[in-house]
Amino acid sequence: METAKVSEMFISYQGEGPFAGSRQLFVRFYGCNRACIYCDTLPESYETFTKDGLMRKVLGFKDAYNELVVTGGEPLLFADFLRQFLACFKSFSEKAVYLETNGTLPGELSKVIDHVDIVAMDFKFPSSSGDTDDIWDAHEKFAETAAQKELIAKAVITDRTTMDDVKHMARIIRGIKKDLNVVLQPVTPMNAMIREPDGETLSGFAEYLKNTTEKDIMILGQLHRCLGIR
Ligand code: SF4
């Protein structure tokens, strides 16, 4: 029987992107396949759930939220579990399923995409994240599959982000022949190593993306951090 490690479950308000302010039920899965220097979402503890066990917990929240957010860490590390869990959830609820992911596991996304409504995909710029693995092929394949549903393409921007990485993102987004939201998110400063970009650089990245992709571009910080909520 498939099981999954879940770090926490709670209701709060979306702090990022076009759904900012929406009341959502967050299910945070444990662990990640990346190592971003700005990461603030890797709890140390978890509880192991079966599909039925997690369904009981989720249904216990009744209708007090708008979307079910599957987040992490990287939730697609549990794609086989999620395929079963989300199919079951969809048979009980009409709530939209909102997947937050680092966009590096395209094969795993294929297993669950039928049960997902919104994909919030992070582009993990090596210059911002400090994780220098080559992720561009994986991002391109991932975005192709994710575009079957509502796609939000997001990138965290720091004072180290390079135009080269923005150009890689632009090339992938340009290849998606439908509307999508592109969000540039200035990093929330955490320490002397993690600093925000200056405004001119940030708007220069946004202008480049707008001009080369003709998609909607948003610049938006982390609302929940500004408000001091979870
Ligand atoms: S992909 Fe997300 S959860 Fe994983 S290390 Fe990076 S910021 Fe943290």
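No value in this document is a laboratory result; all are computed from the given coordinates. Since the structure is predicted, the reported quantities are computational estimates derived from the model, not experimental observations. Glycine also receives a Cβ, built like all others from the backbone with ideal geometry; neighbour counts cover every protein chain displayed.
In this simple spin-label approximation, Phe61 and Leu227 carry label points 7 Å from Cα along the Cα→Cβ vector, and these lie 1.5 nm apart. Look at the dipole of the range 3-227 built from charges on Cβ: of Val6, Tyr38, Leu202, the Cα furthest out on the positive end belongs to Val6.
Report the semi-axes of the equivalent ellipsoid for the range 55-160 in whole Å, largest first, where each axis is √(5λ) for an eigenvalue λ of the Cα gyration tensor.
On the way: eigenvalues 143, 42, 27 Å².
Whole-Å semi-axes of the equivalent ellipsoid: 27, 14, 12.
Considering only beta bridges that DSSP places wholly inside the range 3-227, some 30 percent are antiparallel. When you filter the GluC sites (Glu not before Pro) in the range 193-230 for DSSP loop state and at most 11 other Cβ atoms inside 10 Å of their Cβ, you are left with Glu214. Using the Cα gyration tensor of the chain, with a ≥ b ≥ c the square roots of its eigenvalues, what is the shape: rounded (a/c below 1.5), prolate (a/b larger than b/c) or oblate (neither)? Prolate is the answer for the chain, as a/c is 1.5 or above and a/b outweighs b/c.
Counting only the Cα atoms, the range 1-62 fills a convex hull of 112 Å³ per residue. Taking every alpha-carbon pair under 8 Å whose residues sit at least 6 apart, the range 78-230 reaches a relative contact order of 19 percent. The Kirkwood radius of the range 30-73, taken over pairs of alpha-carbon atoms, gives through the Stokes-Einstein law at 25 °C and 0.890 mPa s a diffusion coefficient of 192 µm² s⁻¹.
If you place +1 on the Cβ of every Lys and Arg, -1 on the Cβ of every Asp and Glu, and leave all else neutral, what size is the dipole of the range 35-108 about its Cα centre, to the nearest 20 Debye? Don't skip to the end; give the middle numbers.
Values: 7 positive and 11 negative charges, 72 e Å.
Magnitude of the dipole: close to 340 debye.
A simple spin-label model places the labels of Thr3 and Met218 3.8 nm from each other, with each point 7 Å out along Cα-to-Cβ.
For every other residue with a beta carbon closer than 10 angstrom to the beta carbon of Pro106, add +1 if it is Lys or Arg and -1 if Asp or Glu, then tell me the sum. Can you show the working numbers first?
Values: positive: Lys141; negative: Glu108, Asp137, Glu140, Glu144.
Cβ neighbours under 10 Å give a net charge of -3.
Along the axis of the charge dipole computed for the chain (Cβ charges of +1 for Lys and Arg, -1 for Asp and Glu, origin at the Cα centre), the listed residues Met169, Leu68, Ile157 are led at the positive end by Leu68. All other residues whose Cβ lies under 15 angstrom from that of Pro189 are scored, Lys and Arg at +1 and Asp and Glu at -1, for a net of -1.
Distance between the modelled labels on Asp40 and Arg23, one decimal in nanometres: 2.4 nm (7 Å Cα→Cβ projection).
Say we join alpha carbon atoms closer than 10 Å with springs in a Gaussian network model of the chain; which of Gly31, Gly53, Gly72 then has the biggest fluctuation? Taking springs between Cα atoms under 10 Å, the residue moving most is Gly53. Bridgeable aspartates and glutamates around Lys51 (alpha carbons under 15 Å apart, same-chain partners fewer than 8 residues away excluded): Glu2, Asp80.
What ranking of Ser12, Ser45 emerges when the number of other C-beta atoms within 10 Å of each C-beta is taken as an exposure proxy, fewest first? The partial results should precede the final answer.
Details: Ser12 15, Ser45 8.
Starting with the residue having the fewest Cβ neighbours, the order is Ser45, Ser12.
Calculate the dipole size of the range 105-230 relative to its Cα centre from +1 charges on Lys and Arg beta carbons and -1 charges on Asp and Glu beta carbons; express the result in debye to the nearest 20.
Details: 16 positive and 21 negative charges, 45 e Å.
Result for the range 105-230 is approximately 220 debye, rounded to the nearest 20.
Against the empirical curve 2.2 N^0.38 Å, the C-alpha radius of gyration of the range 123-226 lands at a ratio of 1.03.
First select every other residue whose beta carbon is under 14 angstrom from the beta carbon of Phe49; then total the charges, Lys and Arg +1, Asp and Glu -1.
Values: positive: Lys5, Arg28, Lys51, Arg56, Lys57; negative: Glu2, Glu8, Glu47, Asp52, Asp80.
Once all neighbours under 14 Å are counted, the net charge is 0.
Of all lysines in the structure, those lying under 26 Å Cα to Cα from Lys167, and not within fewer than 8 positions of it along the same chain, are Lys124, Lys141, Lys149, Lys154, Lys177, Lys178, Lys210, Lys215. If only the Cβ of Lys and Arg carry +1 and only the Cβ of Asp and Glu carry -1, the dipole of the range 3-227 around its Cα centre is close to 540 debye.
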